[in-house]
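First the structure, in the form of structure tokens, and then the observations on it.
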Amino acid sequence: MNFDFSDDQKSLKDQARKVLTDKSSTKAVRAVLGRKTGTTSYDTALWKAVAELGWLGIAIPEEYGGVGLGRLELCVLAEELGRAVAPIPFASTVYFATEALLLAGSDAQKQKWLPKIASGEAIGCFALSEGPGAPKPEAMTTTFDGAALTGAKIPVTDGDIAHFAIVLAKEGGGASLAIAELGGVTRSEVKTLDPTRGHAKIEFAKTKAERLGKAGEGWELAEQVLDRAAVLLAFEQVGGAQACLDMAVDYAKNRYAFSRQIGSFQAIKHKLADMYVATEVARSNAYYGAWALSTEAPELPLAAAAARVAACDAYHLAAKENIQTHGGMGFTWEVDCHLFYRRAKLLAVQAGSPGVWKEKLVRRLELKNAA
């Protein structure tokens, strides 16, 4: 398979980088990171800007108020958002909530929510977890009776600011997805390593909700949403890993020790080479995922798992070695290394831990080989 993005998609990527360089500098990221508890956990100005540019609706059909392009355009945007460590709820709203609506929503649900997402009016979140460990259908305590939700979800990415949530809950003898407005629920902030992506515990007490998709198919639908989101997150992680590599290379070229560039030292060369190889491996797997996602190929589950595993590994390595390349300065608040390290750790668990995805990858490879 020989896959690459088109000239128009590469042009979109270049324009996105220019916009984010201007509107999502590390100074802007630090402003959100240093916010006081209880204040807005995202960059509202950037959120308004990406909505006006049509990024929130880039993969939403025109009939629902979107731009009507596709997943490949969304992939190139995701990479640039990752490079900029953008402090906005883009992933929760677009990779998860929007994909769930496009996958399983009724026409009425799409008409209600997708135009609001595209305009930036509505922020969404995807609520699966109920505590430590991977979510399991048999361990869920949140219930849905066909009209209302009862229970709690924790942690929910961007649950502190979301207007609506798509929730996995028990219904009868199975599990279903339900969509609920969050105006009257109880929310409490959950602190994480990366405060530029807010998290919350959401408690439902007979909260009015509608079923998304068919009853009893919630777990299968959730897995499909996670596969789609995994590909998009992989591009965001590749963008972050590439930013770390660029930062480390630039520092190695300009930092001198013993009258020599530190980049001339073998130990630093090896670090940079390892970062480069890991990033390119992740990029190739992300491209495979992009192809599978955009064509709705049957290989999507396998491609998504491969992209997720490679991207998590690459971003963690690049963020860690970027700090090491900077030496003692890399551990300081003033140097930007920690911004990427925080985001790398957070993205690694947003759609399930790397360990969970490695198990999925092995299982899906076994199924493919057995076919």
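Listed here are the residues, each with its yes/no results for (1) among the small types (Gly, Ala, Ser); (2) surrounded by 20 or more Cβ atoms within 10 Å (Cβ to Cβ); (3) out of contact with any helix residue (DSSP H, G or I) (no Cβ under 6 Å at 6 or more places or on another chain).
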{"residue": "Glu321", "(1), (2), (3)": "no, yes, no"}
{"residue": "Thr325", "(1), (2), (3)": "no, yes, no"}
{"residue": "Phe331", "(1), (2), (3)": "no, no, yes"}
{"residue": "Glu334", "(1), (2), (3)": "no, no, yes"}
{"residue": "Arg342", "(1), (2), (3)": "no, yes, yes"}
{"residue": "Ala351", "(1), (2), (3)": "yes, yes, no"}
{"residue": "Trp357", "(1), (2), (3)": "no, yes, no"}
{"residue": "Val362", "(1), (2), (3)": "no, no, yes"}
{"residue": "Leu365", "(1), (2), (3)": "no, no, yes"}
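Within the stretch 252-287, can you find the residues that are buried (at least 17 other Cβ atoms within 10 Å of the Cβ) and not in a helix (DSSP H, G or I)?
Across the stretch 252-287, there are no qualifying residues.
Could you look through the stretch 23-53, keep only residues that are of a type in the set (D, E, K, R) and surrounded by 12 or more Cβ atoms within 10 Å (Cβ to Cβ), and pick out the one that is modelled with the lowest pLDDT?
Of all residues in the stretch 23-53, those of a type in the set (D, E, K, R) come to 23, 27, 30, 35-36, 43, 48, 52.
The next check asks that each one be surrounded by 12 or more Cβ atoms within 10 Å (Cβ to Cβ); those that pass are 23, 30, 35, 43, 48.
On the way: Lys23: 89, Arg30: 92, Arg35: 78, Asp43: 94, Lys48: 96.
Selected residue: Arg35.
Residue under question is Val349, and the condition is that it be in the same structural domain as Ser284 (by TED's automatic domain parsing), of a type in the set (A, V, I, L, M, F, W, C) and farther than 19 Å from Leu245 by Cα; does it hold?
yes
Filter the stretch 1-22 for residues that are touching a Phe, Trp or Tyr at 6+ places or on another chain (Cβ under 8 Å) and modelled with pLDDT of 95 or more; which is surrounded by the fewest Cβ atoms within 10 Å (Cβ to Cβ)?
Here the residue is Lys13.
Just for the stretch 20-67: of the residues that are assigned to a helix (DSSP H, G or I) and free of Cβ contacts under 8 Å to residues at least 12 places away in the same chain, which one is farthest from Glu80 (Cα to Cα)?
Of everything passing the filter in the stretch 20-67, Glu63 is farthest from Glu80 (Cα to Cα).
The values are calculated or read from the model by the stated rules, or taken from the named source; none is laboratory data. As the structure is a computational prediction, the values presented were derived from the model and not from experiment. Every residue, glycine among them, receives a Cβ derived from its backbone with ideal geometry; neighbour counts consider all protein chains shown.
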